[in-house]
Amino acid sequence: MTEAASGIRTVPTIAELRELVARRRADGGRVALVPTMGALHDGHFALVRRARELADLVVVSIFVNPLQFGAGEDLDRYPRTFDADVAALEALGVDAVFAPAVDEMYPNGRGGTTVQAGPVGSQYEGASRPGHFDGVLTVVAKLFNIVQPDVALFGQKDAQQVFLVTRMVAELDMPLRIEVVPTVREHDGLALSSRNRYLDAGQRQAALVLAESLRAADAAASDGPSELLAEGVAAFGDHDGVSLDYLVVVDPDTFLPVGEDYRGRALVLVAAIVGSTRLIDNAFVEVGGD
């Protein structure tokens, strides 16, 4: 365990982290966890700031989880900026960075016990990335068991992940609360993502179509689901280098697609490939509203 001058600790093992958390709990402190894969940006920092408001001990995990990457995905090239990440977290007053090796988290490799995401986990992102959410829920469940936080913080940008994690916590009776922080965007509307750094200048401009499609869908939401989806898809037009994967409107309570007679609050999900980079975004809309 290493300690910087400000008191931030970089913790590589489960045993050391449990010891640290137990000492703080003995003093009556509340514990918050912010799970990340590193390559941190202002979206992550918004989670950390909120965690600092909610808890006495803030733990940020940095772990590029191999279980949530499928064959041909970007595990090897996923950005790793550990030193810069720790420096930024130090400035935000984070108490501990949990940075385990893969063998520490998965001593028996990929063949061990996993958490299954169920039918919703095989739709949308799960349809394009089979097994992705099983890997997400497995590592998140492990982190919850290791840290035993009072609250864990996630960003709304990863809406399907938020839904599945929240449902896992409820259905497996995990004693913690999930706090969801709104999506953080660039000044022009692009949702912050660690993968944005893969985009060149032209692709960065083209990626704005995801947010544009959500605005178009919102503007048409009062006319019902079909019109909403039609306008959202139409926003993509003939953008060179952008391939729409899906645009769907779901019931936030079930994460299933809504019917044509649906009225009320809904969630629009969009995913597209920009160049070779997969990006996602989402927004709440009021279907059939004024």
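The values are calculated or read from the model by the stated rules, or taken from the named source; none is laboratory data. Since we're looking at a predicted model, the values are computed, not measured. Cβ atoms come from the backbone with ideal geometry, glycine included; neighbour counts cover every protein chain shown. Each accessible area value is taken on the protein alone, full model and side chains, heavy atoms only, with ligands, DNA and RNA left out. Shrake-Rupley method; radii C 1.70, N 1.55, O 1.52, S 1.80 Å.
If you check Ala39, Ala32, which single one turns out to be part of a loop (DSSP other than H, G, I, E, B) and of a type in the set (A, V, I, L, M, F, W, C)? Walk me through how you get there before you give the answer.
Values: Ala32 fails: part of a loop (DSSP other than H, G, I, E, B).
Just a single option satisfies the conditions, and that option is Ala39.
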Legend entry - Candidate set from the range 235-290 (those that are of a type in the set (Asp, Glu), under 20 Å from the mean Cα position of the chain (by Cα) and farther than 21 Å from Ala191 by Cα); member that is least open to solvent (accessible area, probe 1.4 Å): Asp251
Inset, instruction - For the range 102-122, name all the residues that are open to solvent by less than 20 Å² (accessible area, probe 1.4 Å) and under 20 Å from Val250 (Cα atoms). - result: Ala117, Val120, Gly121
Inset, instruction - All but one of (1) in contact with a strand residue (DSSP E or B) (Cβ under 7 Å, 6 or more places away or on another chain); (2) open to solvent by less than 40 Å² (accessible area, probe 1.4 Å); (3) not polar (S, T, N, Q) hold for Arg195, so report the exception by its number. - result: (2)
Inset, instruction - Return the only residue of Gly93, Gly29, Gly43, Gly38 being touching a strand residue (DSSP E or B) at 6+ places or on another chain (Cβ under 6 Å) and closer than 19 Å to Thr10 by Cβ. - result: Gly38
Legend entry - Neighbours by Cβ (under 8 Å, 6+ apart or cross-chain): first from the range 36-57, among the charged types (D, E, K, R); second buried (at least 21 other Cβ atoms within 10 Å of the Cβ): Arg50/Leu153; Arg52/Ala32; Arg52/Val58; Arg52/Val94; Asp56/Val31
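Looking at this structure, is Leu164 open to solvent by less than 20 Å² (accessible area, probe 1.4 Å), at pLDDT 95 or above, within 19 Å of Leu267 (Cβ to Cβ) and out of contact with any strand residue (DSSP E or B) (no Cβ under 7 Å at 6 or more places or on another chain)? First the steps, then the outcome.
Working: open to solvent by less than 20 Å² (accessible area, probe 1.4 Å): yes; at pLDDT 95 or above: yes; within 19 Å of Leu267 (Cβ to Cβ): yes; out of contact with any strand residue (DSSP E or B) (no Cβ under 7 Å at 6 or more places or on another chain): yes.
It is true that Leu164 is open to solvent by less than 20 Å² (accessible area, probe 1.4 Å), at pLDDT 95 or above, within 19 Å of Leu267 (Cβ to Cβ) and out of contact with any strand residue (DSSP E or B) (no Cβ under 7 Å at 6 or more places or on another chain).
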Legend entry - Selection count, the range 123-142, where residues are crowded, with 17+ Cβ neighbours inside 10 Å, farther than 15 Å from Pro66 by Cβ and not acidic (Asp, Glu): 4
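Considering only residues that are among the charged types (D, E, K, R), within 18 Å of the chain's Cα centre (by Cα) and surrounded by fewer than 18 Cβ atoms within 10 Å (Cβ to Cβ), which ones fall in the range 29-88?
Asp42, Arg49, Glu73, Asp74, Arg80
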Inset, instruction - Among the numbered conditions (1) open to solvent by less than 60 Å² (accessible area, probe 1.4 Å); (2) assigned to a helix (DSSP H, G or I), tell me where Pro149 comes up short. - result: (2)
